[in-house]
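The values are calculated or read from the model by the stated rules, or taken from the named source; none is laboratory data. Please read all numbers here as calculations on a predicted model, not as lab measurements. Cβ placement follows ideal geometry from the backbone for every residue including glycine, while neighbour counts extend to all protein chains displayed.
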Amino acid sequence: MRHLIGTRQFYKRLLLLAVPIMIQNAITNFVGFLDNIMVGQLGTEPMSGVAIVNQLIFVFNLLVFGGLSGAGIFGAQFYGHGDHKGLRDTFRFKILFGMIIAVVAFVILITCGESLIRLYLTSGEEGNLQQTFQYGKEYLMVILLEIIPFVIVQIYASTLRETGQTILPMVAGIVAVFVNLAGNYVLIFGKFGAPRMGVAGAAAATVLARIVECAIVVIWTHHKREQNQFVNGVYRSLRVPRRLALDIVKKGSPLLVNEALWSAGIALVNQCFSVRGFTVVAATNISSTIGNLFNVVFIAMGSAVAIMVGQQLGAGEFERAKDTAAKVIAFSVFCTVITSLLMILLSGVFPGLYNTTGEVRDMAGAMIRITAYLMPMQAFLHAAYFTIRSGGRTVITFLFDSGFSWCVAIPFIYCIVHFTGLPVLVIYTLYYSLDFIKAAVGFILFRKGIWIQNIVAD
């Protein structure tokens, strides 16, 4: 066990990377939580309508993350290798990819958004279903405006993190969060003379916050050109060397497809749960919101291990990379045990903050506790996944993630939802417990060291 414990210097570097990411994600998710509560004060139908649309936006977000992560593997290793030109070309690739995804997402959501919302409205009172649809449609038409600034933020922020700069994205995220929160209060409820916009106000506040975040990140990055050499002359041309583009596509395509399939899978899983009734839709929304609030620890650790190990692999420090990964994974699991206990203690408190039925609150509380019990396993799984990915083994992570989801997990939940009479909470537990299988496979892949390679060496 002693080999899993790092030095003071090790934890200092780890926390310098992880804590800003953690704070940014925590504040963002906390505001998402407050958003949820504010919209929830309008009633169950508005809350459910917004939750459904956010599930669709979630698919788009993961596509962006997946595509940029593929390029990010190269970015971290180029930086570790001291190759600023390589980092600049990688940044250009991100710009081109991000704009393509943004346009495609906008067109799909404009043309097919209403049909996608209705997929989640299959069980319940007709009046409630129609109200929920209208609220979802209203929210969607406004939230679409955040797509472009969101993509730009992710392009710049991801590149800054790959160079070890996590503070600025955190600061920009914090400012955006407070703009979002203030905007919600004013626009949802019509304060200070503003019109009472309801769910449209929540969407407008999110769009405004995203624009502010985008402005901060872009202006600061270009103002600090000496520190951020990758932006010097970056827009003189958007040409990316053919070999690099092909390498990124080769390594990144599995990640993009993985995120697409995984996010689509999550959307399908939620649709399966919705078959069991309107109460389940509302309860899973509350549970996932609270889960996102507490999983910031292991999410940040996953980002940190990807940066640290990626830079070490790029520098050819293979043994050091292996040691770093093992220590980060162990620390992530340890920290998550603590957050899980806190989550369990507060599981009965959070649902009570929503203006919904007692049945929804009870089910949400039980789902939160189930999520908490499984969170340490998720911490190990997440850190192992990002470790394997940092070495460019994207085909393996694709099979590890989406392959498992679509071949095992999704058929499993579809069958037990539609062809058994098992209670919802039993189904919920069985579905998320399947990740123990993935965790076992991840442990084997990590120990074998198949991920240890330099993909940017000359």
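Selection within the range 257-297: residues that are within 20 Å of ILE416 (Cβ to Cβ) and small (Gly, Ala, Ser). The member of this set that is nearest to the chain's Cα centre (by Cα) is SER288. Picking from residues in the range 295-338 that are aromatic (Phe, Trp, Tyr) and in contact (Cβ under 8 Å) with a residue 60 or more places away in the chain, the one that is surrounded by the fewest Cβ atoms within 10 Å (Cβ to Cβ) is PHE318. Of everything in the range 381-410 that's under 17 Å from the mean Cα position of the chain (by Cα) and among the charged types (D, E, K, R), which residue is surrounded by the fewest Cβ atoms within 10 Å (Cβ to Cβ)? Result: ASP401.
Of the residues making up the range 359-380, not a single one is over 22 Å from the mean Cα position of the chain (by Cα) and polar (S, T, N, Q).
Of the residues making up the range 213-233, those that are of a type in the set (A, V, I, L, M, F, W, C) and surrounded by fewer than 17 Cβ atoms within 10 Å (Cβ to Cβ) number 2. Which residues, counting only those in the range 20-62, are acidic (Asp, Glu) and within 17 Å of ASN270 (Cα to Cα)? Result: GLU45, single match. So is TYR79 crowded, with 21+ Cβ neighbours inside 10 Å, at pLDDT below 85 and on the phi < 0 side of the Ramachandran plot or not? It is true that TYR79 is crowded, with 21+ Cβ neighbours inside 10 Å, at pLDDT below 85 and on the phi < 0 side of the Ramachandran plot.
For the range 178-193, a residue qualifies if it is under 21 Å from GLY49 (Cβ atoms) and outside any helix (DSSP H, G or I), and exactly one does: GLY190. What about LEU374, is it at pLDDT below 80 and either surrounded by fewer than 21 Cβ atoms within 10 Å (Cβ to Cβ) or of a type in the set (D, E, K, R) (or both)? Taking the combined requirement at face value, the residue does not satisfy it.
Please identify the pairs in which a residue from the range 163-181 that is on the phi > 0 side of the Ramachandran plot has its Cβ atom under 9 Å from the Cβ atom of a residue that is in a helix (DSSP H, G or I) and surrounded by fewer than 20 Cβ atoms within 10 Å (Cβ to Cβ), counting only partners at least 6 apart or on another chain. Close Cβ pairs satisfying both conditions: GLY164/LEU16. Among the residues of the range 416-430, those that are part of a helix (DSSP H, G or I), farther than 15 Å from MET375 by Cβ and either in contact with a His (Cβ under 7 Å, 6 or more places away or on another chain) or not aliphatic (A, V, I, L, M) (or both) comprise HIS418, PHE419.
Being in a helix (DSSP H, G or I) and modelled with pLDDT under 80 holds for only one residue in GLY310, GLY302, and it is GLY310.
Mind checking which residues of the range 387-411 are over 11 Å from VAL441 (Cβ atoms) and charged (D, E, K, R)? Listed by number, the residues that qualify are ARG389, ARG393.
This table checks each residue for (1) among the acidic types (Asp, Glu); (2) touching a Lys or Arg at 6+ places or on another chain (Cβ under 8 Å); (3) assigned to a helix (DSSP H, G or I).
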site	(1), (2), (3)
CYS214	no, no, yes
VAL217	no, no, yes
HIS222	no, no, yes
GLN227	no, no, no
PHE230	no, yes, yes
LEU246	no, no, yes
VAL257	no, no, yes
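The rows are residues; the columns are (1) of a type in the set (D, E, K, R); (2) in a helix (DSSP H, G or I); (3) more than 24 Å from CYS272 (Cα to Cα); (4) in contact (Cβ under 8 Å) with a residue 40 or more places away in the chain.
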| site | (1), (2), (3), (4) |
| --- | --- |
| GLN378 | no, yes, no, yes |
| HIS382 | no, yes, yes, yes |
| THR387 | no, yes, yes, yes |
| PHE398 | no, yes, no, yes |
| ASP401 | yes, yes, no, yes |
| TRP406 | no, yes, no, yes |
| ALA409 | no, yes, no, yes |
| TYR414 | no, yes, no, yes |
